[in-house]
1. Given charges of +1 on the Cβ of Lys and Arg and -1 on the Cβ of Asp and Glu, with all other atoms neutral, how large is the dipole of region 32-142 about its Cα centre, in debye to the nearest 20?
2. Arrange the following residues from fewest to most other Cβ atoms within 10 Å of their Cβ: GLU79, GLU169.
3. For a protection proxy built on the mean count of beta-carbon atoms within 10 angstrom, sort 43-49, 64-70 highest first, please.
4. For the residues THR28, THR72, what sequence is obtained by ranking on other C-beta atoms within 10 Å, fewest first?
5. Using modelled amide H (1.01 Å from N, peptide plane; none on Pro or chain starts), what sits under 5 Å from the amide H of TYR147, excluding residues fewer than 5 places away?
6. Take LEU232, LEU22 and order them by how many other Cβ atoms sit within 10 Å, fewest up front.
Amino acid sequence: MSAESPSNNEPVVRPGRGVYWLPNLFTTGTLFGGFYAIVAAINDDFKNAGIAIFIAMLFDGLDGRVARWTNTQSDFGKEYDSLCDMVAFGLAPAIVVYQWGIQRIVDSDYGKFWGRFGWLAAFIFAVGAALRLARFNSRSAVADKRYFEGLPSPSAAATVASFIWLVSEFDVTGLPGLMLAFAISIFTGILMVSKFSYWSGKELNMRGRIPWIYAVLIPLIYVIVWLSPVSLFALFGAYALSAPLYWLWRRTGRRRRAADGAQ
């Protein structure tokens, strides 16, 4: 009798070639969202630019799941996903915030300094996204799936895009708004390459029992997201701040305990 079982001799059924292109089609949706956001920003349509980045986030969240459902993961898909993420969550938000800032700098004649500072802030965000994606790809095999190291680039893009959408909706003018937009771009760019741990939510088993707090929070978040850019900025801004604030809280607590122990 052969040492191999009969099942080992059966040919492996692989998905058709068309199925392999299905997750890449969703990834192309991510690229389209980033591309359209850039075009909309050039045309001074910052509301649609922000919406396009959130649409890119939707496609980015679906492509990996579709690849796992259809068992069509591939090295090509991973590389393509990273390139599209860089456009949608690195270049697009940087160009959106730069175009919004430059328009106000020219209209208000703030001077060359703010123009140069604006493109520098946008470039810092783009570099942060590129480094974040490169680090994620190089460490994905050994990283703790429960946490992200550094702010994920889609969340950073959402923070910047929702703020620009917000200030364009309410027609915010003046130097303080301009400074805040550039500061948010720099801050989120730095958070992307930081070592702060952000909760990923990947340990949640949606098919198993879910704690009641998550069952309440998940629908609530979806309701909040679709209300207004104010809610979007509050949601993603809070997530961006959560890891630094948690680190500061733990550090302060350790110092307090150390001081109490020394007494």
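1. On the way: 10 positive and 10 negative charges, 73 e Å.
With Lys and Arg at +1 and Asp and Glu at -1, about 360 debye.
2. Working: GLU79 11, GLU169 14.
Taking fewest neighbouring Cβ atoms as first place, the list is GLU79, GLU169.
3. On the way: 43-49: 17.3, 64-70: 14.7.
Order by mean packing, descending: 43-49, 64-70.
4. Numbers: THR28 16, THR72 19.
Fewest-to-most ranking of THR28, THR72: THR28, THR72.
5. Answer set, sorted by chain and number: SER200.
6. Working: LEU232 22, LEU22 17.
Lowest count first: LEU22, LEU232.
Just so you know, all these numbers are worked out from the coordinates, no wet-lab data involved. Keep in mind the model is a prediction, meaning the values are calculated, not measured. Note that each Cβ is placed from the backbone with ideal geometry, even for glycine, and that neighbours are counted across all protein chains shown.
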